[in-house]
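K.L.:
Structure in structure tokens, see below.
Rule-based calculations on the coordinates, nothing more; no lab input. Everything numeric here is computed off the predicted structure, so don't read it as measured data. So basically every Cβ, Gly included, is an ideal-geometry build from the backbone, and we count neighbours across all protein chains shown.
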Amino acid sequence: MTNTILKFLARAVATAVGVWITDWLMDGIRVNSTSTALAVGVVLGLLNQFVKPLLILLTIPITVFTFGIFLLFLNAMMLFLAADLIPGFEVSGWWSAIIGSILISIFAGIVQGLLGKPGSEKQQ
């Protein structure tokens with residue numbers, strides 16, 4: 001249980017860093033503070049854990065028809081939903097959401113790789 005919570009928190013921090021870097025690089029995504037970025041990381045983690053799998057299941061036909069490109073729109077929708085839920089986080093349009101979701105994923109993946117897996121240290 002504790003290991004699962006640590007993994008979630010590590011992903012949330014990595015996502016928050018990704019959001020922060022994306023805010024710095026793009027005009028279409030705005031984050032007011034570090035605490036807002038952390039809240040976005042947590043909310044995106046929860047949305048991706050619980051809402052996104054249901055949406056993927058419901059949109060399998062269009063995802064197959066578009067060879068998976070529709071998943072970019074689902075990621076953008078998750079970003080818009082997070083922006084609606086969190087004051088101080090703004091996404092200014094579809095293209096900003098699509099490009100932002102790609103950048104956030106890239107940067108969060110890099111940060112997760114640098115952080116390593118929680119609880120994976122060997123005890124001696």
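K.L.:
Could I have the simple spin-label model distance between LYS7 and ILE60, label points 7 Å from Cα toward Cβ, reported in nm to one decimal?
P.N.:
2.4 nm
K.L.:
Then there is this: With r as the distance between the Cβ atoms of ILE110 and PHE80 and R0 = 22 Å, compute the FRET efficiency 1/(1 + (r/R0)^6) and round to 0.05.
P.N.:
With R0 = 22 Å, the Cβ-Cβ based efficiency is 0.40.
K.L.:
Take peptides 52-63, 97-108, 77-88, 11-22 and line them up by average Cβ neighbours within 10 Å, highest first, as a rough protection proxy.
P.N.:
Output ranking for 52-63, 97-108, 77-88, 11-22: 11-22, 97-108, 77-88, 52-63.
K.L.:
I would also like to ask the following. Between rounded, prolate and oblate, where does region 44-96 land on the alpha carbon gyration tensor, with a ≥ b ≥ c its root eigenvalues, rounded for a/c under 1.5, else prolate if a/b exceeds b/c?
P.N.:
Since a/c reaches 1.5 but b/c is at least a/b, the shape of region 44-96 is classed as oblate.
K.L.:
Taking the chain as the region of interest, what is the percent of Cα-Cα pairs per 10 angstrom bin, listed from the shortest bin to the one with the maximum distance?
P.N.:
The percentages, shortest bin first, are 14, 42, 31, 11, 2, 0.
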